[in-house]
1. Could you list, in sequence order, the residues of segment 185-199 that are crowded, with 16+ Cβ neighbours inside 10 Å and at pLDDT 75 or above?
2. Pull up segment 46-72, narrow it to residues that are under 21 Å from residue 205 (Cα atoms) and among the hydrophobic types (A, V, I, L, M, F, W, C), then point me to the one that is farthest from the chain's Cα centre (by Cα).
3. Only one residue in 251, 321 is at pLDDT 95 or above and surrounded by 14 or more Cβ atoms within 10 Å (Cβ to Cβ). Which one?
4. Restricting to segment 336-384, count the residues that are more than 23 Å from residue 235 (Cβ to Cβ) and in a loop (DSSP other than H, G, I, E, B).
5. Exactly one condition in (1) within 23 Å of residue 300 (Cβ to Cβ); (2) in a strand (DSSP E or B) is not met by residue 387; state its number.
6. Considering only segment 33-43, I want to know if a residue exists there that is under 22 Å from residue 188 (Cα atoms) and either outside the structural domain of residue 199 (by TED's automatic domain parsing) or out of contact with any Phe, Trp or Tyr (no Cβ under 8 Å at 6 or more places or on another chain) (or both).
7. Enumerate the pairs (first residue in segment 292-310 and over 24 Å from residue 335 (Cβ atoms) and not assigned by TED's automatic domain parsing to the domain that holds residue 15; second residue anywhere and among the basic types (Lys, Arg) and crowded, with 17+ Cβ neighbours inside 10 Å) with beta-carbon separation below 9 Å, excluding pairs fewer than 6 apart on the same chain, so at least 6 apart or on different chains.
Amino acid sequence: MTQWLVRHLVRDWEKTEDPAVRERYGVLAGGVGIALNLLLSLGKFFAGLLTGSIAVTADAFNNLSDAGSSVVTLVGFKLAGQKADAGHPFGHGRMEYLAGLLVSLMILLVGVELGRTSIGKILHPEEVEFSAVSVAILAASILVKLWMGQFNRALGKRIGSAAMEATAADSLSDVAATAAVLAGTLIGHFAHVSVDGWFGAAVAVFILRAGWGAARDTVDPLLGSAPDPELVRSIRELVLSHPQVTGMHDLVIHDYGPGRRLCSFHAEVPQDADILETHDAIDHIEREIRERFGVEATVHMDPIATDDEQINRLRAQVAELAQAVEPGMTIHDFRVVRGPTHTNVIFDAVVPAASRADDQQLRDRLARAVRTLDPEYQPVIQLDRAYTGG
């Protein structure tokens, strides 16, 4: 069913990196969510009126808020699909993250209100009428929400959308919530025990948990979370597969919303290589990164000496020392300046992002380690923190 809807309602559905296609996916998900959640909400309101159950009525409000969330998702994708302008040269892609955050806040608000109402029902219980119609409506709702969860998760994974993943998580929490309401209805009828308020509180817990998880997933990219390690590894492999490049460092990836990523890095090239041939290779690397990963790349060339065996050997020794001082530490921009009284060993050291070590202590330890190779060495170290985990 999901694939049929995508093929028939999303033009160019295979081009998931295209912002216009992403917008069509968002419109599809939002439209389906609005229609189904409104139908479920109306059905549960009717069931709540028949039975007088606070849990059933609360579940109806939950579906109504889901319809509102779908409206937010739809509007968010429409706004995110706007082209770049003078005020937003990198586009409006982060509107999708903001839409996901607003959805999660709406989920949390519903959970809080439902919890408050349920506590009141626990303190002041009321008899709940049993209705076969309400049971059928709740059972049908579970099946519909199971499909909606699968539908939104499939679309979310296909286009890498945090907003759709948040909606999928909400749908699955709705399944658990409605199942709890249904169980409470059956227990109350057959066991003659007033559990309506307790099961309403259970629904609230499910909703709050889903809202918190969705908020975390959408806040991370807004704050600037670390890039996908697999993407970092793939970019490194692509760059180093070109024989003109001997190394790379200072890779930074900026996320301006799905389909709008930029990266920059330094590519180390032999200092005596043909400049035109090297420049052509760098241009080719930038095109490959854009075509393969959908990331706009800017590359800075770093010329280094590669034909001096003594410097190469010293560079390898210092690299081993850096690893011994702090696992994962790398070096680059290595050069040696010899003088009459001492030799400056100049390089940049990159500390892994996860390291909790003090920068000054690392710099001092690494300098002492370099001097063990030769007392005349004077280390000049620029210490940086990595922006990626790769």
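The values are calculated or read from the model by the stated rules, or taken from the named source; none is laboratory data. These numbers come from a predicted model, not from an experiment. A quick note on method: Cβ atoms are made from the backbone with ideal geometry, for glycine too, and the neighbour counts reach across all protein chains shown.
1. Within segment 185-199, 185, 187, 197, 198 meet the criteria.
2. Residue satisfying both the conditions and the ranking: 54.
3. Of the residues listed, the single one that is at pLDDT 95 or above and surrounded by 14 or more Cβ atoms within 10 Å (Cβ to Cβ) is 321.
4. Residues meeting the conditions: 12.
5. Exception for residue 387: condition (2).
6. Within segment 33-43, one or more residues are under 22 Å from residue 188 (Cα atoms) and either outside the structural domain of residue 199 (by TED's automatic domain parsing) or out of contact with any Phe, Trp or Tyr (no Cβ under 8 Å at 6 or more places or on another chain) (or both).
7. Filtered contacts from segment 292-310: 293/261; 294/260; 294/261; 295/261; 296/260; 296/261.
Residues checked against (1) closer than 30 Å to residue 18 by Cβ; (2) polar (S, T, N, Q); (3) outside any strand (DSSP E or B):
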position	(1), (2), (3)
265	yes, no, no
273	no, no, yes
278	no, yes, yes
289	yes, no, yes
292	yes, no, yes
303	no, no, no
306	no, yes, yes
